[in-house]
Amino acid sequence: RLYAEDATRDFLPAIGTLHHLRFPPETPSLRVETGVREGDSVSPFYDPMIAKLVVHGESRTSALAALSAALEQTEIAGSVVNTPFLAALASDDDFAAGNVETGLIARKQSQLTQQPEPTTAVVAAAVVKATDQVVEPEAADPWLALAGYAHFHAPQKTVMLSRGEDMIVARLAVAANGNTNVSFGTDGPVVAPARLNAARWPGHVTVFSGAMTHTFAVADPFAAAEAAIGGGGGLRAPMPGLVKLVRVVSGERVIKGQPLLVLEAMKMEHTIIAPHDGVIEEIAEAGAQVTDGTVLARFVEQAAAS
């Protein structure tokens, strides 16, 4: 079952628009059951299932091999999905041997939900996709055939991506023969691999490497400046949901661990607590429907509050 959920965060449900959606072609051993198409949204109001991949084979081994291959050909961008977790589960020794019981995932959760760091090749593919710069030397369209012009070297473009708290600054150069080179800092150039598929969607790039997906935010300097002016930060919603109850008001001094509000999501109530001492500058209103990442509360600067 392909779900919009974050396995690395204890399977929290996720939402988003399916900006890029590719399923493997159906075969005698694979059936794809889905009710969505590219461009549809996964909302907080319904079950976040995207599709089912149904496989069969002459043995459990062959069926799992077909499932692994299907997961590697599945491409979804626009929401966090559980494809990497399913691939890890399908290749688990106990699961492959049929030693399955209700405690299997809990016992191996950290192992099954590991998120490997992206390789240099993956980052290079993201940099190339972020620019959507393609050079086809033999193209009839001169704008596709030209790589730009510089006196003594291939013209370069600076690309900034972010992944979590990490900022990636790279320089991209496209030679006249169509080869794309990416450089990071003082490291030598890396030839971006054409074999890695990638999808560009609003503000982001997702690179598909096997069943693993790596999503990068495409840095917008204007948005960064606006966030700096506006103060940025704040206590953000860990998942989409409804603000059920608010326990504090603007201007109130709170202490670390104090309950601030109750967020209802997927038929469960989650208490959001203060991460540190401070004074509430802004707090979400009861009844507000929020998405993952929405600012729920802002604090007065600690220095000013003390």
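The values are calculated or read from the model by the stated rules, or taken from the named source; none is laboratory data. The structure presented is a predicted model; accordingly, all values stated were derived computationally and were not measured. Here the Cβ positions follow ideal geometry from the backbone for every residue, glycine too, while neighbour counts run over all protein chains shown. Heavy atoms of the whole protein, side chains included, go into the accessibility calculation; ligands, DNA and RNA do not. Shrake-Rupley method; radii C 1.70, N 1.55, O 1.52, S 1.80 Å.
Considering only the stretch 145-197, how many residues are modelled with pLDDT under 70 and part of a strand (DSSP E or B)?
1
For the stretch 7-18, indicate whether the set of residues that are small (Gly, Ala, Ser) and touching a strand residue (DSSP E or B) at 6+ places or on another chain (Cβ under 7 Å) is non-empty.
yes
Just to be sure before I move on: is Ala65 without any contact (Cβ under 8 Å) to a residue 60 or more places away in the chain, open to solvent by less than 20 Å² (accessible area, probe 1.4 Å) and out of contact with any Ser or Thr (no Cβ under 8 Å at 6 or more places or on another chain) in the structure I sent?
Judged against the criteria, Ala65 is not a match.
What is the residue count in the stretch 45-62 for residues that are farther than 22 Å from Phe95 by Cβ and either out of contact with any Asp or Glu (no Cβ under 9 Å at 6 or more places or on another chain) or loosely packed, with under 14 Cβ neighbours inside 10 Å (or both)?
Total satisfying the criteria: 3.
Just checking, which of Pro118, Pro142 is out of contact with any Asp or Glu (no Cβ under 6 Å at 6 or more places or on another chain) and modelled with pLDDT of 90 or more?
That would be Pro118, the only listed residue that is out of contact with any Asp or Glu (no Cβ under 6 Å at 6 or more places or on another chain) and modelled with pLDDT of 90 or more.
Does the stretch 240-271 hold any residues that are open to solvent by less than 80 Å² (accessible area, probe 1.4 Å), aliphatic (A, V, I, L, M) and either touching a helix residue (DSSP H, G or I) at 6+ places or on another chain (Cβ under 8 Å) or modelled with pLDDT of 90 or more (or both), and which are they?
Across the stretch 240-271, the qualifying residues are Val243, Leu245, Val246, Val248, Val254, Leu260, Leu261, Val262.
So, in the stretch 69-126, how many residues would count as being among the charged types (D, E, K, R) and either closer than 14 Å to Ala198 by Cα or open to solvent by 80 Å² or more (accessible area, probe 1.4 Å) (or both)?
Residues in the stretch 69-126 being among the charged types (D, E, K, R) and either closer than 14 Å to Ala198 by Cα or open to solvent by 80 Å² or more (accessible area, probe 1.4 Å) (or both): 6 in total.
Among the residues of the stretch 89-121, write down those that are within 16 Å of Ser62 (Cα to Cα) and not aromatic (Phe, Trp, Tyr).
Leu89, Ala90, Ser91, Asp92, Asp93, Asp94, Ala96, Ala97, Gly98
Show the residue pairs meeting these rules: Cβ distance below 8 Å; 6+ apart or different chains; first residue within the stretch 282-298 and outside any strand (DSSP E or B); second residue polar (S, T, N, Q) and open to solvent by 30 Å² or more (accessible area, probe 1.4 Å).
Every condition considered, the pairs that remain are Ala284/Thr294.
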